Amino acid sequence: MGLEGFEVEVQQVGKPGLETEEMTLNMGPQHPSTHGVLRFVIKADGEVMREAIPDVGYLHRSIEKISEKVGYHGFMPYTDRVDYVAAMFCNQGWGMVCEKLGGIEVPKRGEYCRVIAAELNRISSHLIAVGCMILDIGAMTPFFHAFREREKINDLLEELCGARLTYNYMRIGGVAWDLPPNYAEKVLAFLDQFEPLLDEYNDLITYNKIYVERLANVAVVPAEVAINYNLVGPNLRGSGVQYDVRRDEPYSVYPELEFDIPVGKGEVGTVGDCFDRYIVRMREMKESARILRQCMKQIPDGPVIAKVPRKFKPPAGDAYVRVESARGDMGWYVVSDGSEFPYRTKIRTGSFSAMSIIDWMSRGLMIADLVAVISSLDVIAPEVDR
Amino acid sequence: MQGFLDSLIAQGYFPGIPRNLVYAGGMLVFTVIVVVVFVFLVAGVTTFVERRVWARMQSRIGPNRVGPQGMLQWLADAIKLFLKEDLVPAQADARLFRLAPYIVVLGFLTAFIVIPFGSRLIIADLNVGIVFITAVTSLVVVGILMAGWSSNNKWSLIGGIRAAAQIVSYEIPTGLSIMPIVLLTGTLSMQGIISQQGWAPHTWFVFNNPFTFAAFFIFFTSALAEGNRTPFDLPEADTELVAGFVTEYTGVRYLMFFLAEWGNLYIIGAVVTTLFLGGWQIPPVTSGPVLRAVLEFLTFFVKSYFWVLVAMWIRATLPRVRVDQLMSVCWKYLVPFAFANILGTAVWVVLWPAGNVIVQYLMVLAGLALAWYFFRRVAFHLRRARVRERGELYLSPLA
Amino acid sequence: MNRNGYLRNIKDTCFTVLDGMAVTLSYLVRRPTTIQYPDRMAVRVQDTLPFRYRGILEVDLEICTGCLACERACPIDCIVIDAEKDKQTREMVLTRFDIDMAKCMYCGLCSEPCPTGAIHHTPEFEGADYSLESLVRRFVKEPVKAYKLKKGGEDDPEILEFLDRGMRYVEEFASPEAAPPAPKAAPKGPAA
Amino acid sequence: MDAAVIHECLKARFEARVVDCDLKAKDPFIVIEPTAIVDVCRFLRDEPDLRFDSLSNQSGVDYKAKGIIQIVYHLYSYPHRHKIVLKVDAPRDDPKVPTVEGVWKAANWLEREIYDLLGVTFEGHSDLRRLLMPEDWIGHPLRKDFVEPEEYHGINTRRESPLR
């Protein structure tokens, strides 16, 4: 199922006798709506783009190379920097891949702590995603409202792990800190206050006619194309593929939790348009809230971390794990040579494949749509560049 | 104005000076007062009010450090911009680049000539008043296009072209929505239009008949588009075009563009008030000319500033339309309805030349019903977020 | 577009816009969320931060054992400790304990293995300065004796104060003590 | 379908071009001859029982001691929810592997990244440019013998530590 038949026709510029010129626009690296630092070279015919070629690498910090120098434990804080908007998932991915290499089992309570932290982080990451998306479309107020709620999650995570952005909460074999006292009440109080606000966002902006018109039928990605380009997470689900690593390749304690997987249904346009990607995120926040409520009820007592030697030397071999991060299926591939340093680490992130599809998606769209496309894919530049 | 100068001449204040010269001089002085004291003040304060209103809607506080409650923030901003380096990009067309902001400011300042602040407070009650306003505010587009072109920046250029397309298109529904009022009054003069309305809401033209009611909304919408306000702020769409036509501007010239934008907002409010909302008309409470003038001025100012606030409120709520949608809103929705309004009003005038009082009362009721529905929704949102239970109710406008 | 679609568009626009504006209007009577950092606050932010907050690093030399565990744990080598044995008294003496706060990434890995909680994060986060050099915190002013955990417990009340705080900090970290026996496949690396 | 069955399928179809396998590893993998990788991938994608419609990850590992660079393909099938790992060995001094861009579009950027960081040439790739590093960068940073240059365009890459 190649991509035959999915080529996008772009009309030729100009009529004979009337000389026109294609405009090359440089969007970025400094531009208000390139999330992070990245650049697009746009070839445009007036407002209509013929192509938008992403140029990445401005935020390349050689994180994979660093992992070969700092050892398994020492790399954990670096994983925070892979995707600083949703650092918990990177923590979790690194923890899981090392545990798979070393054959370590995480205690049950540790897994629950991980899920609680991760789902809180998923909500906060999705809040940024939808907030920035709305801002890019031109409405400013929902952006601040989203950030206000995110601050509350940051406060919760700060209490849990001492940091607001680069959490470094998880360790190989579990988590670094147990839940603080009265944490469940605080989380539940937040959720009680947060869930009605999701409906308020819907009233404020989601079903606003202008907003819907800006997103419906824009940059449609059919399921075949999405899979071929390896789109993952909310972007893939926006294209109507009901797939979630948490359910289909279960890890941690997700099999014990009940949650739905929202998919794009094309309710205002075509399946796989920008609106579907947006609404999937809105609904996933609700599901995360549901998961959190269950976790708070089910979390068992016990230790939160397994015994792992300080000089962690997993046996030689390689392992690949997939984590459902806020930006979708995040792949961690680690090769160990039996020493205390990873031999090779490869992080395949959701934004990476999302960024690679932008060129395909952007053809024939308007410049204003490109902004919607970037933010609807929830591209985080540092995650692309690593 | 003229009467006042006549009385001064009669008292022998300007011996040996030709009467016309006195008029011209008086006009000039008055204009300068209006411009300096009123326009700059209004535009400046509007920036402050906008930021505070926005902030509260976004559950922030807003500027509150400079002066009491931050009320002098706008002055500090203006001084800062005055002191900034005035950059002209090396590759820019320097002459046009320097000229552009003046043309924009000229366009909006000229409009103040015919704004009727009171029954006698008007610089010149031109007999083509309302057409004059639509004409001179179109000057703004020339300035914006100039700015966009001369900056020699592709983002500016796109912004400039967008502005040109937008303003020229939206002139049409704006102009067409004025026509129903002109049909009702038979005059283009601003004072003439106001004098045919009364202080009571049912005598306002917005409630005159269903067609003027619709024309009011069309006029306000397209006026927002002409003033480059959200949801039609495409020319300077900050998330798409960086800052559109003002991308390359700094300092005073930047300030001038924004002076024009906020000043324009007030003009929109003033024109809406004049055409649809009874202008400066006040109930007959006093016969003292000075007190009356003050009350008239306040009435007019409050009414027109209310629409400035509404524009801010809209800006805080709505996202931006895309350029093709901008055009389709104009040509497919606003223009046909504006034409229908003209036809409808024409028929109405033939049927009830003096207006139909019952319909006027009904329209007022319809307006109240709309407001009632609206406030029910506000209450619903407050209830759903359990604002009262959470102790988050905070009525004070102060920070 | 058919006629219904045309009219529905108008209706949708009117109602959704009105509803959105109702939400924004309702915010005019809600309390703003933002605070007036730093000067107009009833309580300093630092005092409201949770115990686990990872701010600027601080070392209590009174209870530092000079074990170098933090230096080894630091993934970016921003801690440098010089400890040498005094030839006469045969005691460890710390001659240098420097932390480059410009480089530190506040990960907390150093405070985790500390046996006494001597190195720990404070809730202080306002660390801006004019030069990189001034961001280096040099804790040892003149060589000090390293602390030795006493068998029967600490009796010096002055040090006990530090130690209590330090141990509370250390206890905050999850420990695998109560963990089930390590699974069989666990690697056999030499434990540090 | 588990790795052993997939291996049988491939073995039956491609015989000696399937070089090696380890089905007991944490992630069972099959080693393929470099020249056969495109055919194998297309077979895995199109065969109705296999339907590996997504290239989950593609990475390169520099085994300096063995003198090879290994390209690792993590495949995943959305219809069947199964996975397999393919590995291809290329000589270290002149690594050349045919591109699988024609099979999965996702390979386009993944291969560009491997080209950039490990210097593997993907033959037939439509747009083989550096992805993360600057276009005028010399060397491939993820190779084990890569030495960071002292400076780049006159910018020093070292920072004097105030601790030393």
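Counting the residues of segment A:88-114 that are in a loop (DSSP other than H, G, I, E, B) and away from chain C (no Cβ under 13 Å) gives 0. Screening A:V70 against (1) under 18 Å from A:W332 (Cβ atoms); (2) more than 20 Å from the chain's Cα centre (by Cα); (3) away from every other protein chain (no Cβ under 12 Å) leaves a single unmet condition, (3). Looking at segment B:349-382, which of the residues that are in contact (Cβ under 8 Å) with a residue 40 or more places away in the chain and within 14 Å of chain C (Cβ to nearest Cβ) is surrounded by the most Cβ atoms within 10 Å (Cβ to Cβ)? Result: B:G367. For D:F43, state whether it is of a type in the set (A, V, I, L, M, F, W, C), surrounded by 19 or more Cβ atoms within 10 Å (Cβ to Cβ) and either in contact with a helix residue (DSSP H, G or I) (Cβ under 7 Å, 6 or more places away or on another chain) or over 23 Å from A:E64 (Cβ atoms) (or both). Answer is no for this residue.
Evaluate segment A:278-295: report whether one residue or more is farther than 24 Å from D:R81 by Cα and small (G, A, S). Within segment A:278-295, one or more residues are farther than 24 Å from D:R81 by Cα and small (G, A, S).
If you filter segment D:22-40 down to residues that are touching a Phe, Trp or Tyr at 6+ places or on another chain (Cβ under 7 Å) and under 24 Å from A:W332 (Cβ atoms), you find that the one that is surrounded by the fewest Cβ atoms within 10 Å (Cβ to Cβ) is D:D22. Only one of the listed residues (B:A311, B:A385, B:A346) is farther than 23 Å from B:F217 by Cβ, in contact with a Leu (Cβ under 7 Å, 6 or more places away or on another chain) and surrounded by 12 or more Cβ atoms within 10 Å (Cβ to Cβ). That residue is B:A385. What tally of residues in segment B:237-287 results from selecting those that are buried (at least 24 other Cβ atoms within 10 Å of the Cβ) and within 14 Å of chain A (Cβ to nearest Cβ)? Counting residues in segment B:237-287 that are buried (at least 24 other Cβ atoms within 10 Å of the Cβ) and within 14 Å of chain A (Cβ to nearest Cβ) gives 5.
For (1) crowded, with 18+ Cβ neighbours inside 10 Å; (2) in a loop (DSSP other than H, G, I, E, B), each residue gets a yes or a no:
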| residue | (1), (2) |
| --- | --- |
| C:I10 | no, no |
| C:L25 | yes, no |
| C:T34 | no, yes |
| C:T116 | yes, yes |
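Condition check: in a loop (DSSP other than H, G, I, E, B), more than 10 Å from chain D (Cβ to nearest Cβ), surrounded by 24 or more Cβ atoms within 10 Å (Cβ to Cβ) and more than 19 Å from the chain's Cα centre (by Cα). Does A:V379 satisfy that? No. Figure legend. Inter-residue proximity from segment B:318-340: first residues touching a residue at least 60 places away in the same chain (Cβ under 8 Å) and in a helix (DSSP H, G or I), second residues surrounded by 21 or more Cβ atoms within 10 Å (Cβ to Cβ) and of a type in the set (K, R), beta-carbon distance below 8 Å, spacing 6+ or different chains. Indicated pairs: B:V323/B:R162. Flag: C:R44 does not match the condition of being of a type in the set (K, R) and either touching a residue at least 40 places away in the same chain (Cβ under 8 Å) or within 11 Å of another protein chain (Cβ to nearest Cβ) (or both). If you filter segment B:170-193 down to residues that are β-branched (V, I, T) and buried (at least 24 other Cβ atoms within 10 Å of the Cβ), you find that the one that is farthest from B:V359 (Cα to Cα) is B:T174. Do we have any residue at all in segment C:152-162 that's aliphatic (A, V, I, L, M), in contact with an Asp or Glu (Cβ under 6 Å, 6 or more places away or on another chain), within 13 Å of C:I63 (Cβ to Cβ) and free of Cβ contacts under 8 Å to residues at least 24 places away in the same chain? Within segment C:152-162, one or more residues are aliphatic (A, V, I, L, M), in contact with an Asp or Glu (Cβ under 6 Å, 6 or more places away or on another chain), within 13 Å of C:I63 (Cβ to Cβ) and free of Cβ contacts under 8 Å to residues at least 24 places away in the same chain.
This table checks each residue for (1) surrounded by 17 or more Cβ atoms within 10 Å (Cβ to Cβ); (2) aromatic (F, W, Y); (3) away from chain A (no Cβ under 14 Å); (4) farther than 18 Å from D:L163 by Cα.
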position	(1), (2), (3), (4)
C:L94	yes, no, yes, no
C:D100	yes, no, yes, no
C:M105	yes, no, no, no
C:G108	yes, no, no, yes
C:S111	yes, no, no, yes
C:Y130	no, yes, yes, no
C:E133	no, no, yes, no
C:V140	yes, no, yes, no
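Of all the numbered requirements in (1) more than 30 Å from A:D192 (Cβ to Cβ); (2) within 14 Å of chain C (Cβ to nearest Cβ); (3) of a type outside the set (A, V, I, L, M), B:R386 misses one, and that requirement is (1). Among the residues making up segment A:280-297, those that are out of contact with any helix residue (DSSP H, G or I) (no Cβ under 7 Å at 6 or more places or on another chain) and either crowded, with 22+ Cβ neighbours inside 10 Å or in contact (Cβ under 8 Å) with a residue 24 or more places away in the chain (or both) are A:E287, A:R290, A:Q294.
Applying the condition of being in a loop (DSSP other than H, G, I, E, B) and within 9 Å of another protein chain (Cβ to nearest Cβ) to segment A:223-261 and asking which residue is surrounded by the fewest Cβ atoms within 10 Å (Cβ to Cβ) yields A:E249.
Can you spot a residue in segment B:92-104 that is within 14 Å of another protein chain (Cβ to nearest Cβ) and at pLDDT below 85? Looking for residues that are within 14 Å of another protein chain (Cβ to nearest Cβ) and at pLDDT below 85, one finds none in segment B:92-104, hence no. Considering segment A:317-359, the qualifying strands (runs of 3 or more DSSP E), each wholly inside and each with 3 or more residues that are more than 7 Å from chain D (Cβ to nearest Cβ) and among the hydrophobic types (A, V, I, L, M, F, W, C), run over A:328-336. When restricted to residues that are surrounded by 18 or more Cβ atoms within 10 Å (Cβ to Cβ) and farther than 10 Å from D:T121 by Cα, segment D:91-100 contains 2. Count of segment A:141-160 residues, restricted to those that are of a type in the set (D, E, K, R) and touching a Pro at 6+ places or on another chain (Cβ under 8 Å), is 2. Taking the numbered list (1) within 14 Å of chain C (Cβ to nearest Cβ); (2) surrounded by fewer than 23 Cβ atoms within 10 Å (Cβ to Cβ); (3) hydrophobic (A, V, I, L, M, F, W, C) in turn, A:I53 passes all entries but (1).
Candidates in segment B:264-281 are the residues that are among the hydrophobic types (A, V, I, L, M, F, W, C) and in a helix (DSSP H, G or I); of these, the one that is modelled with the lowest pLDDT is B:L265. Taken together, A:D136, A:D83 contain a single residue that is within 14 Å of chain B (Cβ to nearest Cβ), acidic (D, E) and in contact (Cβ under 8 Å) with a residue 60 or more places away in the chain, which is A:D136. Only residues that are closer than 18 Å to A:E213 by Cβ and of a type in the set (V, I, T) were counted in segment B:307-359, giving 5.
The set of residues from segment A:186-218 being aliphatic (A, V, I, L, M), touching a Leu at 6+ places or on another chain (Cβ under 9 Å) and more than 9 Å from chain C (Cβ to nearest Cβ) comprises A:V187, A:L188, A:L191, A:V218. Is it the case that B:V39 is modelled with pLDDT of 85 or more and part of a helix (DSSP H, G or I)? Answer is no for this residue.
The values are calculated or read from the model by the stated rules, or taken from the named source; none is laboratory data. Remember, predicted model here, so these are calculated numbers, not experimental data. Note: ideal-geometry Cβ built from the backbone for every residue, glycine included; neighbour counts use all protein chains shown.
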